[in-house]
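Input: a single structure, listed below in structure tokens.
The values are calculated or read from the model by the stated rules, or taken from the named source; none is laboratory data. Source: prediction; values computed, not measured. Here Cβ is always computed from backbone atoms with ideal geometry, including for glycine, and neighbour counts include all displayed protein chains. Accessible surface areas use protein heavy atoms only, side chains included; no ligands, DNA or RNA. Shrake-Rupley method; radii C 1.70, N 1.55, O 1.52, S 1.80 Å.
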Amino acid sequence: YQWGTEELTARAQRKFVDLFRDAPGKVLEVGCGKGIVLGLFKDLGVPAYGIDLSKTTVEYCLKKGLEAVHGDILSHIGAVPGNSLGGIFCAHVIEHMQPAEVIEFFHESRRVLKEGGTLLIITPNAQDLRTTERFWLDITHVRPYPRKLLHFLLTKLLII
């Protein structure tokens, strides 16, 4: 198994991108990297843009004709007008965030999403023991966010 190839990433994410087919507005991809998912949105005809901390990957997206901005998600989403996005796609980002940052991200996501908008979070499966070592080999990982914790945060704290 090869990690990180564009083809494998596109194949793994295609089923999730399809969930945004009828998004009620523009979709934001958090941590857009090289624009693999943004390209899938474009192919599907879904208006989307991405944000990433890496200037290099944002420039790469722009060269591919994709819309992307450089910056951190909390500053960016805090400046997004309320009820203005049709969806937020966030794959393998929250495990790099402190708990207070994740809670702020969820609150802001709720604020900026239009009615019927989708927030999709993908994060390593904390129940899969095969993931544990691989998870902690990435020094930028802050903590895992198990499904039960995410459910609690999204239902009890945010009343979604």
- Query: Are any of the residues in the range 19-42 over 20 Å from Ile122 (Cα atoms) and among the aliphatic types (A, V, I, L, M)?
  - Reply: no
- Could you look through the range 91-113, keep only residues that are of a type outside the set (D, E, K, R), touching a Phe, Trp or Tyr at 6+ places or on another chain (Cβ under 8 Å) and under 22 Å from Gly35 (Cα atoms), and pick out the one that is surrounded by the most Cβ atoms within 10 Å (Cβ to Cβ)? Ile94
- Note on the structure: Scanning the range 120-141 for residues that are open to solvent by less than 50 Å² (accessible area, probe 1.4 Å), in contact (Cβ under 8 Å) with a residue 12 or more places away in the chain and not in a helix (DSSP H, G or I) gives Leu120, Ile121, Ile122, Thr123, Pro124, Ala126, His141
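Against the definition (touching a helix residue (DSSP H, G or I) at 6+ places or on another chain (Cβ under 6 Å), in contact (Cβ under 8 Å) with a residue 60 or more places away in the chain, within 22 Å of Leu153 (Cα to Cα) and among the acidic types (Asp, Glu)), how does Glu29 come out, yes or no? Working first, answer last.
Working: touching a helix residue (DSSP H, G or I) at 6+ places or on another chain (Cβ under 6 Å): yes; in contact (Cβ under 8 Å) with a residue 60 or more places away in the chain: yes; within 22 Å of Leu153 (Cα to Cα): yes; among the acidic types (Asp, Glu): yes.
Judged against the criteria, Glu29 is a match.
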- So Ala23 fits all but one of (1) touching a residue at least 60 places away in the same chain (Cβ under 8 Å); (2) out of contact with any Asp or Glu (no Cβ under 9 Å at 6 or more places or on another chain); (3) in a helix (DSSP H, G or I); what number is the exception? (3)
- Top-ranked residue in the range 26-40 [being open to solvent by 10 Å² or more (accessible area, probe 1.4 Å), in a loop (DSSP other than H, G, I, E, B) and small (Gly, Ala, Ser); ranked as farthest from Met97 (Cα to Cα)]: Gly33
- Message: Looking only at the range 41-63, count every residue that is open to solvent by 20 Å² or more (accessible area, probe 1.4 Å) and out of contact with any Leu (no Cβ under 8 Å at 6 or more places or on another chain) and tell me the total.
- Response: 14
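Taking Val46, is it touching a Phe, Trp or Tyr at 6+ places or on another chain (Cβ under 8 Å), under 21 Å from Phe16 (Cβ atoms) and outside any helix (DSSP H, G or I)? Please lay out each step first, then the result.
Numbers: touching a Phe, Trp or Tyr at 6+ places or on another chain (Cβ under 8 Å): yes; under 21 Å from Phe16 (Cβ atoms): yes; outside any helix (DSSP H, G or I): yes.
So Val46 fits the description; yes.
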